[in-house]
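The values are calculated or read from the model by the stated rules, or taken from the named source; none is laboratory data. Remember, it's a predicted structure, so these values are computed and weren't measured experimentally. Reconstructed Cβ throughout: ideal geometry from the backbone, glycine too, with neighbour counts over all protein chains shown. Side chains included, ligands, DNA and RNA excluded: accessible areas come from the protein's heavy atoms. Shrake-Rupley method; radii C 1.70, N 1.55, O 1.52, S 1.80 Å.
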Amino acid sequence: MPFFDFIQADPQVAQLLASELDRQRRGVELIASENFTSNAVMRTMGTWLTNKYAEGYPGRRYYGGCEVVDEVEQLAIDRLKELFGVEYANVQPHSGAQANAAVFLAVLNPGDKVLGFDLSHGGHLSHGSPVNFSGKVYRATFYGVSRETGQIDMDVVAETARKERPKLIVCGASAYARDWDYARFRAIADEVGALLLADIAHPAGLIAGKHLADPAPWVDIITSTTHKTLRGPRGGIIMMGKDKDNPWGRTTKKGAPIQMSAILNSGVFPGMQGGPLEHVIAAKAVAFGEALLPSFRTYGAQVMANAHTMAEAFVNRGYQLVSGGTDNHLMLIDLSNKNVNGKIAEKALGQADITVNKNMVPFDTQSPMVTSGIRIGTAAITTRGLKEAQCVQIVDWIDALIQKPEDEQVQASIRKEVNGLMSQFPLYPSIQG
Ligand SMILES: *Cc1c(COP(=O)(O)O)cnc(C)c1O
């Protein structure tokens, strides 16, 4: 089916859409936060649900005509609850950063102290970075990884929490290859009287597939994106394993305790956002439906097998992985023993249609625009259908490119091989781009 005929009215945009589809089709996508949605998820976003205003929540809207979108949103909520085995879900956050902002707004006062994972060690901007609202409005403190192991030292987390007495502790990262000890984080949060938030933006799909530790029994609140390993539309979610009374003794006018679910809901709307994106929420429902299928669990297992294969292949070729390997879908490669920085490596690989991002490594001496490392993830290539054998091939290509980062002939010949490989794994074959 031709995809672009309905925007013949705008050939300029149609041309750009076609170019981007071609780029996605011909390249090896290794950006750890990216994935390829199903046709169903993607097409659901491009529908007339975008026309509907629905401020509020199902059954309690500030607009008429919400009967159908109420059902859509409730379906998304119900499927998400089933997927993670949780009691509470909010599917309205426009993105992962918005989900975190809504939670911070709901459970903190301006100036309250937060303890998060250091951005320069793999954390996320929205966990207290000084350039982000979370570091401007709240007082941010951080834990990081140990120099020796490249892993989070839980004793240091405990010491820092005792010293700083934060109101909220955040676990979760954008570039951390190891699983999380949620039980230990719980004990630390209880000791200092902090709320505990797990931001599972990256590993959400692997947690849903039961490949990684489940934070739900341990943490107070979970936030996530829906578009990384969870493979849904670009968006955010908030969950709680169990709903409970708020810990601050807030009551309704009639004196009834206010549930945390109500406090989180009002953090999203009216606290942080206006009208929900019901077309995206419908696509979230489709993605959660897909993630509930047994095939999604198989997908997650393959994502991890591919990551392990690549990590091992890199180590065998003399590469230094932060923490020495991976438990999940990504790895952080420290290139400081390879005579290239992250910026040069990203560019050289890009010339061969292999897309990665430069990334700070813990204790990096380079600036964030240069960096000493690259981050690599397997969620997207696994969706394309690549398996262990292709992963080893890709590591060989990356190694050749990094050894000669200026060699345009090497880049051109590898690009040809990359394009040849990816043509065997069609992306959106029903779309004529
Ligand atoms: C990606 C990510 C986010 C933010 O997601 P956006 O949808 O880009 O706003 C938040 N937290 C973590 C840990 C992430 O990796």
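Observations, loosely collected:
- Pair list, Cβ < 9 Å and 6+ apart or interchain, from the stretch 57-69 residues that are farther than 20 Å from PRO93 by Cα to residues that are open to solvent by 40 Å² or more (accessible area, probe 1.4 Å): GLY65/LYS52; GLY65/TYR53
- The C-beta contact set for the stretch 211-237 (first residue away from the ligand (no atom under 11 Å from the Cβ), second residue of a type in the set (Asp, Glu), distance under 6 angstrom, 6+ apart or interchain) comprises LEU212/ASP179; ALA213/ASP179.
- Any hit, the stretch 286-303, residues being touching a residue at least 40 places away in the same chain (Cβ under 8 Å), among the β-branched types (Val, Ile, Thr), within 14 Å of ARG231 (Cα to Cα) and open to solvent by 30 Å² or more (accessible area, probe 1.4 Å): yes
- Residue satisfying condition, being assigned to a loop (DSSP other than H, G, I, E, B) and β-branched (Val, Ile, Thr), within set THR383, THR326, THR309: THR326
- Considering residues of the stretch 95-120 that are away from the ligand (no atom under 12 Å from the Cβ), open to solvent by 20 Å² or more (accessible area, probe 1.4 Å) and not small (Gly, Ala, Ser) only, the residue nearest to the chain's Cα centre (by Cα): ASP118
- Any hit, the stretch 60-67, residues being closer than 30 Å to LEU427 by Cα and acidic (Asp, Glu): no
- Checklist (1) more than 16 Å from the ligand (Cβ to nearest atom); (2) under 17 Å from SER224 (Cβ atoms); (3) touching an Asp or Glu at 6+ places or on another chain (Cβ under 7 Å); (4) open to solvent by less than 40 Å² (accessible area, probe 1.4 Å) applied to PHE269, failing item: (2)
- Within the stretch 362-380, tally of residues that are of a type in the set (A, V, I, L, M, F, W, C) and over 23 Å from CYS391 (Cα atoms): 3
- Filter result for SER129 (free of Cβ contacts under 8 Å to residues at least 12 places away in the same chain, open to solvent by less than 40 Å² (accessible area, probe 1.4 Å), of a type in the set (S, T, N, Q) and away from the ligand (no atom under 14 Å from the Cβ)): no
- Selection from the stretch 215-250 of residues that are assigned to a loop (DSSP other than H, G, I, E, B) and surrounded by fewer than 18 Cβ atoms within 10 Å (Cβ to Cβ): PRO217, ARG234, LYS242, ASP243, LYS244, ASN246, PRO247, TRP248, GLY249, ARG250
- Applying the criterion of being among the aliphatic types (A, V, I, L, M) and over 21 Å from the mean Cα position of the chain (by Cα) to the residues of the stretch 8-45, the residue that is most open to solvent (accessible area, probe 1.4 Å) is LEU16.
- Selection status of ALA389, modelled with pLDDT of 95 or more, open to solvent by 50 Å² or more (accessible area, probe 1.4 Å) and assigned to a helix (DSSP H, G or I): yes
- Some residue of the stretch 179-188 being hydrophobic (A, V, I, L, M, F, W, C), over 26 Å from LYS81 (Cβ atoms) and more than 16 Å from the ligand (Cβ to nearest atom): yes
- Qualifying positions in the stretch 62-94 - open to solvent by 30 Å² or more (accessible area, probe 1.4 Å) and outside any helix (DSSP H, G or I): TYR62, TYR63, GLY64, GLY65, GLY85, GLU87, HIS94
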